[in-house]
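The values are calculated or read from the model by the stated rules, or taken from the named source; none is laboratory data. This one's a predicted model, so the numbers in the text were calculated from it and none came from an experiment. Cβ atoms come from the backbone with ideal geometry, glycine included; neighbour counts cover every protein chain shown. For the accessible areas, the whole protein counts, side chains as well, though only heavy atoms, and no ligand, DNA or RNA atoms are used. Shrake-Rupley method; radii C 1.70, N 1.55, O 1.52, S 1.80 Å.
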Amino acid sequence: MSPPSGEATLPEAEQPSASGSIAPNVQETESETPILIDEALGTTAEPSVRRRTLRSVARRAWHSTIGWPRLSGRGWGRHHRPFGDMVLHAPQTLRALVRADEIWLVVLAAFIGFGAGILVSLMTFTTQLMHQLFFRLQSGQRLSGMVELDPVRSLVVPVLGGFAVGLFGLVIARIWPRRAVDPVEATALSGGRRSRNDSLIGVAQTVQSNGVGASVGLEAGYTQIGSAIASRLGRMFRVRRNDLRLLVGCGAAAAIAGAFNAPLTGAFYAFELVIGTYSLVTLAPVAVAAIIGAAVVQMLALPGDYGTLTMQVPSRIDAVDYIPILTLGMLCALVGIAIMRGVTLTEQMFRRSGVPAWLRPAIGGLAVGGLALVTPQVLSSGHAALAVGIDAPYSLSHVALLFVLKSVASAVSIGSGFRGGLFFASLFLGAMLGKLFTGVLAIVTTAHALPPIVGALIGMSCMAVAIVGGPLTMGFLALETTGSLPLTVAVLAACVVSAITVRRTFGYSFATWRFHLRGEVIRSAVDIGWMRNLTVGRMMRREIRTVRADMPLAAFRRDFPLGATQRVIAIDEADRYAGIVQVAEAHVDAENVRRVSDVLHNPDEMLVPRMSVKDAIAALEASESDALVVVDAPETRKVLGVLTEQYALRRYSDELDRRRRDLSGE
């Protein structure tokens with residue numbers, strides 16, 4: 001029934017209920033608005049049209065949420081939403097705003113940077129407190145910077161800590177039998193979606209391992225927790241896939257920027273290693289998150305956490321010095337590959353030893369504790385050891401000893417089951433290798449000798465590029481650490497040589513190498529998850545026509561005249577796939593051709609629904625056919641549909657173009 005004259009009709013979501021009051025249904029309408037708009041506009045709508053539409057939706061959602069008065073025939077409306085409903089439905093409004101305007105995405109990145117900075121500080125404080133408690137350190141002392149420690153504690157704490165790590169892992173494996181997802185893996189495969197519980201477990205294991213002295217870094221835990229809160233916040237706001245990947249990169253950028261007090265380093269860590277690309281659209285959110293993350297950690301820093309790398313670097317680098325600098329970059333790449341393979345070999349040795357998994361960290365702790373009896377600098381991540389040793393006048397024998405012991409300690413720690421990464425270990429090892437290189441070079445020739453501090457900084461950056469990746473990341477780390485532009489140029493040149501050497505001879509960073517060992521084909525953080533989601537089952541055409549393979553050709557020609565269809569699928573008496581019949585070929589008279597089975601093509605080439613578009617295109621090229629049949633399984637050969645090469649290539653091209661437009665902000 002139409003309303004009385006002079007009264008406005010209430011929207012369906014606000015029709016009076018049986019009791020006469022307004023029954024808002026914002027939960028069912030507003031939360032789905034962005035999704036419905038996306039479906040209505042499609043992927044081909046102009047970006048300006050999409051933004052204007054979403055802004056309009058956001059304004060209407062805001063007015064509806066705060067209970068804006070409505071005009072009616074008797075003046076202002078009397079129905080207002082209760083304050084509780086306004087608070088409850090505010091997130092739906094904010095979701096529409098975040099999806100409508102990129103400025104709100106930057107605001108979201110700022111909150112991520114703030115949260116990541118707090119959590120990085122909390123992790124640092126927790127591990128330092130564990131070091132003071134377990135190793136009897138004084139306030140302001142750092143574990144790896146100690147000259148000597150109580151030998152009993154140096155040996156016992158890593159062993160007992162290894163037992164604790166192993167038992168904790170055993171309990172977690174039974175309660176939560178899932179593997180934690182790395183930020184690189186999350187952005188490459190799952191569009192930035194990460195499990196909160198997985199991340200918390202990984203962070204707890206990293207803090208526990210570092211706290212008992214295992215030679216692992218906290219940077220893996222930093223990026224885990226930073227990207228986890230970013231992923232969670234992005235999912236709360238239901239952002240698009242590409243925006244969720246961007247927010248995960250913001251969390252990692254804030255964590256690394258806070259860990260090193262280096263916003264540029266954190267930002268380019270996200271661009272090179274987590275997001276996988278750089279564009280003007282991604283610059284603002286990542287930069288804001290990195291700056292805020294570094295500022296928060298600096299404000300909450302413990303005494304001695306910052307300003308520890310005090311050094312004097314030369315004001316200029318001569319052109320002739322680039323010869324040993326580039327040589328050092330190549331040497332660091334080769335040594336980095338050896339270290340990565342050494343970690344893998346250590347893991348394999350522990351697996352083949354027959355020792356239970358929960359007991360391996362204790363054995364690894366015993367080995368690390370034994371090395372700590374020689375020098376405590378092998379313990380923990382090595383921040384203080386690097387601060388002390390980067391410009392210390394060590395002898396060549398002592399530098400070589402530190403390099404060997406730290407390499408073994410890191411490989412044993414990760415291989416035995418302690419949780420952590422090689423980020424800071426690669427910096428320490430590279431610095432020691434650089435000092436060793438310059439020392440040997442000074443003995444061989446004095447004409448082209450490098451200052452030891454230059455060799456340490458070059459080696460530090462190049463080793464990290466070889467193991468972690470990111471030439472620009474390490475170049476900016478050198479710039480923010482030293483403030484020297486000439487040295488940064490030399491570092492970038494050596495880092496490029498290191499990256500090219502690793503790529504040509506090995507092809508992986510430490511993270512992607514471990515993905516390769518698991519059977520994943522991830523070479524970077526570039527989004528390839530869409531390729532796995534674009535499966536044959538989603539692309540195939542189900543409307544197909546079938547015939548029996550023993551059908552006479554005369555009957556086939558009568559049922560399928562020229563022009564009726566291009567191809568027909570033949571099946572045997574058990575309704576199993578037998579081959580493809582080209583209708584035009586079947587109408588050509590030929591000798592000894594009497595039945596459909598005599599003109600079949602591709603009887604053994606089939607596709608299955610779970611195959612990705614990449615595998616499908618490869619199979620079509622290998623069969624030299626313009627179409628292949630899709631079956632449920634090669635064993636049963638039940639026909640489900642057909643996929644043509646032309647359609648697969650078109651869908652693949654459309655998705656590539658869509659990803660390009662997402663990255664460029666078009």
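Which lysines does Lys406 reach when only Cα atoms under 22 Å apart count, and residues fewer than 8 places away in its own chain are ignored? Straight-line reach from Lys406, under 22 Å: Lys435. Between Glu585 and Leu656, the FRET efficiency from the beta-carbon distance, with R0 = 25 Å, is close to 0.15.
Got a sec? What order do Phe163, Phe424 fall in by accessible area at 1.4 Å, biggest, i.e. largest, first? Let's see the in-between values first.
Details: Phe163 75, Phe424 10 Å².
Largest accessible area first, the list is Phe163, Phe424.
Note on Leu122 and Leu649: with the Förster distance fixed at 30 Å, the Cβ-Cβ geometry gives a FRET efficiency of about 0.05. Label-to-label distance for Ile323 and Asp626 is 6.2 nm, based on points extended 7 Å past Cα in the beta-carbon direction.
If you wrap the tightest convex hull around every Cα atom of the range 308-369 and split its volume per residue, you get 125 Å³.
Checking the a/c ratio against 1.5 first, then a/b against b/c, what shape does the Cα gyration tensor give for the range 394-518? Could you put the intermediate results ahead of the total?
Details: a/c = 1.91, a/b = 1.31, b/c = 1.46.
Here the range 394-518 falls in the oblate category.
For Val404 and Gln566, compute 0.36 nm times the residue count separating them, minus their Cα-Cα distance, and round to one decimal in nm.
On the way: separation 162, 0.36 × 162 = 58.32 nm, distance 6.82 nm.
Gain in length upon complete extension: 51.5 nm.
Only the Cβ atoms of Lys and Arg (+1) and of Asp and Glu (-1) were treated as charged; on that basis the dipole of the range 184-277 about its Cα centre amounts to roughly 500 debye. Summary of packing: across the peptides 131-139, 164-172, 409-417, 493-501, the per-residue average of other C-beta atoms within 10 Å ranks them, highest first, as 409-417, 493-501, 164-172, 131-139. Counting only lysines at least 8 places from Lys614 when in the same chain, those with an alpha carbon closer than 30 Å to its own are Lys638.
In what sequence, largest accessible area first, do Ile443, Ile291, Ile339 appear using a 1.4 Å probe? Could the numbers behind the result be given before it?
On the way: Ile443 125, Ile291 100, Ile339 25 Å².
Correct descending sequence by accessible area is Ile443, Ile291, Ile339.
Judged by the ratio a/c of the largest to the smallest principal axis of the C-alpha gyration tensor, the range 393-438 counts as prolate, that ratio being 1.5 or greater while a/b is larger than b/c.
What's the local net charge at Ile580, with K and R +1, D and E -1, over the other residues with C-beta under 11 Å away? Write out the running numbers ahead of the final one.
Values: positive: Arg567; negative: Glu585, Glu605, Asp626.
With Lys, Arg at +1 and Asp, Glu at -1, the net is -2.
With a ≥ b ≥ c the root eigenvalues of the C-alpha gyration tensor of the range 353-450, is it rounded (a/c under 1.5), prolate (a/b larger than b/c) or oblate? Prolate shape, in that a/c is at least 1.5 and a/b is the bigger ratio.
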